[in-house]
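Right, one structure below, let's go through it.
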Amino acid sequence: MARWKAELHWIEQTKLDSKEAIELRKRIEKYEDNGHGACYLRDDRIAALVEQALKHFDGERYHLVAWCVMPNHVHVLIQQIEGHPLSKVIQSWKSFTAHEANKILGRSGDFWMPDYFDRFIRDEKHFDAVVEYIHQNPIKAGLVSAPEEWPWSSAAKDVGGASGADTHSGRDAANAPGKAPGSAPAFDAQKRGQDIRDPSRVHLSQHVGHR
């Protein structure tokens, strides 16, 4: 997985939509959808922990645009905020969630794979495709029949509402309860973004480590 992602990153520097890049992305997606690695995030307690951790600094260190917590990996689309390097943001997420998840599961050792995958958003078309891809993950994996049915996804949350409900909750991520899917209005990613063409937008993918 690490080798595939490193190779994809290199290819995309010059040949973003090349046959090789497309094939590597499909290989990575298949690996994730087939449930390789430990599926600790299938536990609602761990999925809730990770989701609330993503929301914790929304609006302070980054703008959280879209996300999906799958059984063995996480997809996140954020817009960076100046002064908060991407590497620091990701390290904060991984360190906190790994520590708390291990306590809940009664285990020790590495929780996440050391590497992560990132792709910066090129334009509006790319932005829309990434949001769609993130929300379609549970369907492609055969977990639900509609995006809003998956509880650990922005597709199931009214994050686009004017009140901003559910976007700044989770100050105590470790004790945050899970949320069941509801009848929230359709997700509107563009309302969550500050500028659709902002080059600071980035799609992140992080995989859980092996047992």
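So which of ALA66, ALA53 is at pLDDT 55 or above, within 14 Å of the chain's Cα centre (by Cα), crowded, with 16+ Cβ neighbours inside 10 Å and in a strand (DSSP E or B)? From the options ALA66, ALA53, the qualifying one is ALA66. Considering only the stretch 69-118, state which residues are more than 15 Å from GLY209 (Cβ to Cβ), in a strand (DSSP E or B) and hydrophobic (A, V, I, L, M, F, W, C). Hits for the stretch 69-118 are VAL69, VAL76, LEU77, ILE78.
Looking at the stretch 123-132, can you tell me whether even one residue there is in a loop (DSSP other than H, G, I, E, B) and within 19 Å of LEU64 (Cα to Cα)? Yes, some residue in the stretch 123-132 is in a loop (DSSP other than H, G, I, E, B) and within 19 Å of LEU64 (Cα to Cα). Among the residues of the stretch 133-154, those that are outside any helix (DSSP H, G or I) and within 22 Å of LEU49 (Cβ to Cβ) comprise ALA141, LEU143, VAL144, TRP150, PRO151, TRP152, SER153. In the set (1) without any contact (Cβ under 8 Å) to a residue 24 or more places away in the chain; (2) crowded, with 16+ Cβ neighbours inside 10 Å, HIS99 fails one condition alone, (2).
Return the only residue of ILE104, ILE81, ILE46, ILE90 being surrounded by fewer than 22 Cβ atoms within 10 Å (Cβ to Cβ), of a type in the set (Val, Ile, Thr) and more than 20 Å from ARG201 (Cα to Cα).
Working: ILE81 fails: more than 20 Å from ARG201 (Cα to Cα); ILE46 fails: surrounded by fewer than 22 Cβ atoms within 10 Å (Cβ to Cβ); ILE90 fails: more than 20 Å from ARG201 (Cα to Cα).
The match here is ILE104.
Within the stretch 117-145, residues that are surrounded by fewer than 21 Cβ atoms within 10 Å (Cβ to Cβ) sit with their Cβ atoms under 7 Å from residues that are at pLDDT 90 or above and β-branched (Val, Ile, Thr), at 6+ positions apart or across chains, in these pairs: SER145/ILE139.
The values are calculated or read from the model by the stated rules, or taken from the named source; none is laboratory data. Since the model is a prediction, treat every value here as computed from it, not as a measurement. Cβ: placed from backbone, ideal geometry, glycine included. Neighbour counts: every protein chain shown.
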